[in-house]
Number of protein chains: 2
Amino acid sequence: MTDTAATGRRGRGGGGAARRAERSAVSFETAKYIERNIPNLDILNEEALQIIEANAETILEEIGVNFPENPAALQRWRDAGAQVDGERVRIPKGLARELCKTAPSEYTQHARNPERNVVVGGRNLVLAPVYGPPFVRDAAGGRRYATLADFQKFVKLAYMSKWLHHSGGTVCEPTDIPVNKRHLDMLYAHMTLSDKPFMGSVTEPSRAQDSVDMCGVLFGEDFVQQNTVMTSLININSPMTFDDVMMGALEVYAKNNQACIISPFIVGGAMAPVSVMGTLTQVLAEVLAGIAYSQLCRKGAPVIFGAFVTSIDMNSGAPTFGTPEAAHITYGAGQLARRMGLPFRSAGSFCGSKLPDAQAAYETSNSLNMGLLSGVNFMLHACGWLEGGLVSSFEKFVMDADQLGTLHHLAKGVQIDENAQAMDAIREVGPGGHYLGCAHTQANFKSAFWKSDLLDYKPFETWQDEGARDTQALATVRVEKMLNDYQQPPIDPAIVEALDAFVAKRKAAEPDSFM
Amino acid sequence: MTDTAATGRRGRGGGGAARRAERSAVSFETAKYIERNIPNLDILNEEALQIIEANAETILEEIGVNFPENPAALQRWRDAGAQVDGERVRIPKGLARELCKTAPSEYTQHARNPERNVVVGGRNLVLAPVYGPPFVRDAAGGRRYATLADFQKFVKLAYMSKWLHHSGGTVCEPTDIPVNKRHLDMLYAHMTLSDKPFMGSVTEPSRAQDSVDMCGVLFGEDFVQQNTVMTSLININSPMTFDDVMMGALEVYAKNNQACIISPFIVGGAMAPVSVMGTLTQVLAEVLAGIAYSQLCRKGAPVIFGAFVTSIDMNSGAPTFGTPEAAHITYGAGQLARRMGLPFRSAGSFCGSKLPDAQAAYETSNSLNMGLLSGVNFMLHACGWLEGGLVSSFEKFVMDADQLGTLHHLAKGVQIDENAQAMDAIREVGPGGHYLGCAHTQANFKSAFWKSDLLDYKPFETWQDEGARDTQALATVRVEKMLNDYQQPPIDPAIVEALDAFVAKRKAAEPDSFM
């Protein structure tokens, strides 16, 4: 049994030069996405689920949702049988759920290296890094605005991280690049510095189109039309508002058969009720409306039932992470997604801490474990998240990425064959003996236990002699080593040239804007 | 719904003077033990469970277990129908399981304050602090041998920790007190500095008898004979060896109707096979033999199915914590315990880290969450464990104790009544609004979310102005504040006097020994 993806044929990103480069390249091992062999934890009973589903339909029919500044969307809804008043769309009971039925229960997102393709849905879990922070932090430089150079470093770290299956999207905001052009540099980095799958831009419909077009250069236009090569993040402006920019990006992606996460963005008590049931009801109503709309744009467009949910400190208004209420909501949302037969996105390396310290790790472990057991299929923010998502942390990136190994091994479940039963070993050793040298141990110890690549297991005296370093200090060293060891995955120079030309042309087409 | 135990009548530890003292005392809130309203995670299927159960019987019948230097135990086994050769006891298939049937499925451990009584078993989870470390650590003093003064501080912290239900036992080893007398000082501290339930001594049968006798002074001798007032830790010397000291202590406790955790102590790959199935099989065989033996000493004696299990770093031989393999074993052991209808002990704030840093917190959260979901009924080491159990950490004690609140709230499950459904709130707020000021939020926000008493939720600038403290630094402050705020729970001075006399008499009865 191996952790790593089977070797497959090389995709279009390869070619003769690439193959030659590959033979001399350092190989960075990437685990196959997680295929769960353990059950999910279902915390809601049938009664609770039916109440939520009935109430969500009531919300859609009686209260409705807003699609502001989007006449085309309103027309689509009208044509589908919804009642439209101004920007408000009221959806008769059952209609949204019916429309959602054309969404696939799983899809393959292709990477330019086919060994890195991921299947999103079913019992799988695909892990992608942190998304969106305007700041970065490391021990040496402290907290500062993120730059494109930081962005590129995170893409390299993600490429080299064994337990990450996906390169993600906005791993940090490259704030030194104009707002209207940074998506080009971000995509270029994902495409050239990594060979893992990635996400497209959603900050303007035109930038979504740029993303599709750049994928056309990378994969070939026909390939893009026939296959899903991006999974992009469409946030719902909760409560129950689908703003025109996000919907515009969704429309571009859906029409091009590219996948979107349709995701309520909820801090409980602010964008949704303070109660778990209330939040789940609103989440379901929003996802039903959003996914139904994706299918109005293109039947069969791949989508994910998303839920970004967290709790709030009612004293300060600060969002709080790794909390039991966020866990309740995530477990419940997973059940609702599975009942719809849709892939589910939630959880991540969430924390509110300012530093990659114990608070960060408690909150993160709570979230990661809950994410695995709630049946998440696509986990954005799986590593590197700090300070409520304001900061991408270099140290925490590699710390969390190491912990993702525990999810892989936990999800494997328990082997029960004769070798695993180890009766011969128990007979061999007997009462009072020890197993360190027995034949069964010798035959099995290499694969028996997950092993951290980062954490300290040394004797106290050795650890002290080496400087009594904490986890952050160990992570600083690991970040530096990984970036020094980085080697670019092979790519056809003609494709790089074409991407260069595309980016240059698009950058020249409009003036810089930092708005 | 309240987190705290209902007020009950005061026990014998009270009395007139105590009641007067109580009226002026600061009240430290203690949560009621956890009553789970969420499911357990069952990772083994019926086939796996049956294989383990069949193989465990084979081990007992074919290989057997050792009861060294304990002729009385061998005679008990002979009388019960086992085959005894030298120290080896071979138990015919089915006999051990049959003997285990007289062990109760749950029991009440009484505290001198009846509000602190705990019910061990069923769907409950009782949390007790770290047990056994010879060292302590805090930020100011670093790592050093533990003293009785340290021990007393930990008892005070446990008493004041809302989410701890139990005062534990050897919260650290008071190494400044002679080995043959320190149990007296430890019990005295638990009895007088706290009013939560506690554990007895197991390091010599005579010290177990001292523990029973001191409880006689505290609770009254009749009360002790009729009720369980201690839960003590009997480790099995895995593989399959029941040493005479531990068995001697077990014999004392069982005869006096006091509870014991019968617990294999296993670092996988050393004291058990490297495989999960193999370890579970050996664990079950050992527990079957140990609990059967407890019932041979006294039918109906309360016992807990224990499992201290962790994995190993096969490179260095160091035990490793918070790992997926330890989780597999714990989940499986929980299933095996429930099939026997016995209370289950496992998990804790396990970590291998030398510092209360991110590693410590990752590993601890992995273990705590797994402990909750594996159906643990009695969690020893629930807070304060550091460096593989060599160190009791003051800071980590309060850090972990705070996290135990998340287990309480997670275990509550989801309310589904009309208030929780929050449809009125969703109608009131509508698309594009916010919930911060709505009636439902106002009515529910105080109890809606678990809130840390320790972690940092402040805005970045405030946090920076206050010294940019990490979790350990916040915990240092909290430890100091708690110890400053400590007030002794009321106790009848006559009982204290009698305990003083008992301790003095026993200490005078033999010379000091540090062996």
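Listing for the model above:
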item: Flag for B:Val276 being in contact (Cβ under 8 Å) with a residue 24 or more places away in the chain and over 20 Å from the mean Cα position of the chain (by Cα); result: yes
item: Selection count where residues are part of a strand (DSSP E or B) and more than 9 Å from chain A (Cβ to nearest Cβ), scope segment B:305-323; result: 5
item: The one condition in (1) open to solvent by 30 Å² or more (accessible area, probe 1.4 Å); (2) within 14 Å of chain B (Cβ to nearest Cβ); (3) part of a helix (DSSP H, G or I) that A:Asp79 fails to fulfil; result: (2)
item: Residue list for segment A:325-361, filter: free of Cβ contacts under 8 Å to residues at least 12 places away in the same chain and surrounded by fewer than 24 Cβ atoms within 10 Å (Cβ to Cβ); result: none
item: Within segment B:220-236, tally of residues that are over 29 Å from B:Val267 (Cα atoms), of a type outside the set (Gly, Ala, Ser) and either open to solvent by 30 Å² or more (accessible area, probe 1.4 Å) or part of a loop (DSSP other than H, G, I, E, B) (or both); result: 7
item: Selection within segment A:93-104 - out of contact with any Ser or Thr (no Cβ under 8 Å at 6 or more places or on another chain) and either aromatic (Phe, Trp, Tyr) or open to solvent by less than 70 Å² (accessible area, probe 1.4 Å) (or both); result: A:Gly94, A:Leu95, A:Ala96, A:Arg97, A:Leu99, A:Cys100, A:Thr102, A:Pro104
item: Residue count for segment A:258-281, restricted to those that are touching a strand residue (DSSP E or B) at 6+ places or on another chain (Cβ under 6 Å) and assigned to a helix (DSSP H, G or I); result: 1
item: Residue selected from segment B:473-482 under the condition open to solvent by less than 40 Å² (accessible area, probe 1.4 Å) and away from chain A (no Cβ under 13 Å), by the criterion farthest from B:Ala360 (Cα to Cα); result: B:Met482
item: Leading residue by the ranking (modelled with the lowest pLDDT) among those in segment B:234-276 that are on the phi > 0 side of the Ramachandran plot and at the interface with chain A (Cβ under 10 Å from one of its Cβ atoms); result: B:Gly269
item: Boolean, A:Ala411 is more than 30 Å from B:Trp463 (Cα to Cα) and either touching a helix residue (DSSP H, G or I) at 6+ places or on another chain (Cβ under 8 Å) or not hydroxyl-bearing (Ser, Thr, Tyr) (or both); result: yes
item: Neighbours by Cβ (under 9 Å, 6+ apart or cross-chain): first from segment B:504-515, without any contact (Cβ under 8 Å) to a residue 24 or more places away in the chain; second surrounded by 10 or more Cβ atoms within 10 Å (Cβ to Cβ) and part of a loop (DSSP other than H, G, I, E, B); result: B:Pro511/B:Pro178; B:Pro511/B:Asn180
item: Residue in segment B:132-150 that is under 20 Å from B:Thr30 (Cβ atoms) and touching a residue at least 24 places away in the same chain (Cβ under 8 Å) present; result: no
item: Residue selected from segment A:33-45 under the condition charged (D, E, K, R) and either in a loop (DSSP other than H, G, I, E, B) or under 11 Å from B:Ile416 (Cβ atoms) (or both), by the criterion farthest from the other protein chains (Cβ to nearest Cβ); result: A:Arg36
item: Output for segment B:279-308, where each listed residue is open to solvent by less than 10 Å² (accessible area, probe 1.4 Å) and without any contact (Cβ under 8 Å) to a residue 60 or more places away in the chain; result: B:Thr279, B:Val283, B:Val287, B:Gly290, B:Phe305, B:Ala307
item: Single match in A:Val217, A:Val274 (criterion: farther than 24 Å from A:Gly94 by Cα, open to solvent by 20 Å² or more (accessible area, probe 1.4 Å) and touching a Phe, Trp or Tyr at 6+ places or on another chain (Cβ under 6 Å)); result: A:Val217
item: Selection count where residues are closer than 19 Å to B:Cys260 by Cβ and either out of contact with any Gly (no Cβ under 9 Å at 6 or more places or on another chain) or part of a strand (DSSP E or B) (or both), scope segment B:126-150; result: 2
item: Total residues in segment A:131-187, condition closer than 16 Å to A:Ala401 by Cα, among the basic types (Lys, Arg) and in contact with a strand residue (DSSP E or B) (Cβ under 6 Å, 6 or more places away or on another chain); result: 1
item: Unmet requirement for B:Ala54, which otherwise passes all of (1) over 30 Å from A:Ala327 (Cα atoms); (2) within 12 Å of chain A (Cβ to nearest Cβ); (3) touching a residue at least 12 places away in the same chain (Cβ under 8 Å); (4) among the small types (Gly, Ala, Ser); result: (3)
item: Selected residue (only one of A:Asp470, A:Asp453, A:Asp485 is open to solvent by 30 Å² or more (accessible area, probe 1.4 Å) and touching a helix residue (DSSP H, G or I) at 6+ places or on another chain (Cβ under 6 Å)); result: A:Asp453
item: Considering residues of segment A:237-257 that are among the charged types (D, E, K, R) and either open to solvent by 30 Å² or more (accessible area, probe 1.4 Å) or assigned to a strand (DSSP E or B) (or both) only, the residue farthest from A:Gly290 (Cα to Cα); result: A:Lys255
item: Pair list, Cβ under 6 Å, 6 or more apart: segment A:399-417 residue of a type in the set (Ser, Thr, Tyr), other residue open to solvent by less than 10 Å² (accessible area, probe 1.4 Å); result: A:Thr406/B:Pro324
item: Residue in segment A:49-59 that is modelled with pLDDT of 95 or more, under 23 Å from A:Ser232 (Cβ atoms) and buried (at least 22 other Cβ atoms within 10 Å of the Cβ) present; result: no
item: Scope segment B:151-202; condition open to solvent by 10 Å² or more (accessible area, probe 1.4 Å) and outside any loop (DSSP other than H, G, I, E, B); matching residues; result: B:Gln152, B:Lys153, B:Lys156, B:Tyr159, B:Met160, B:Arg182, B:Asp185, B:Met186, B:Tyr188, B:Leu193
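Results for (1) aromatic (Phe, Trp, Tyr); (2) closer than 24 Å to A:Val126 by Cβ; (3) without any contact (Cβ under 8 Å) to a residue 12 or more places away in the chain, shown as yes or no for each residue.
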residue	(1), (2), (3)
A:Tyr188	yes, yes, no
A:Gly200	no, yes, no
A:Ala208	no, yes, no
A:Phe219	yes, yes, no
A:Ile236	no, yes, no
A:Pro239	no, no, no
A:Ser263	no, yes, no
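The values are calculated or read from the model by the stated rules, or taken from the named source; none is laboratory data. Predicted, not measured: the structure shown is a model, and the values here were computed from it. Cβ sites come from the backbone with ideal geometry, for glycine too, and all protein chains shown count toward neighbours. Note: areas computed on protein heavy atoms with side chains; ligands, DNA, RNA excluded. Shrake-Rupley method; radii C 1.70, N 1.55, O 1.52, S 1.80 Å.
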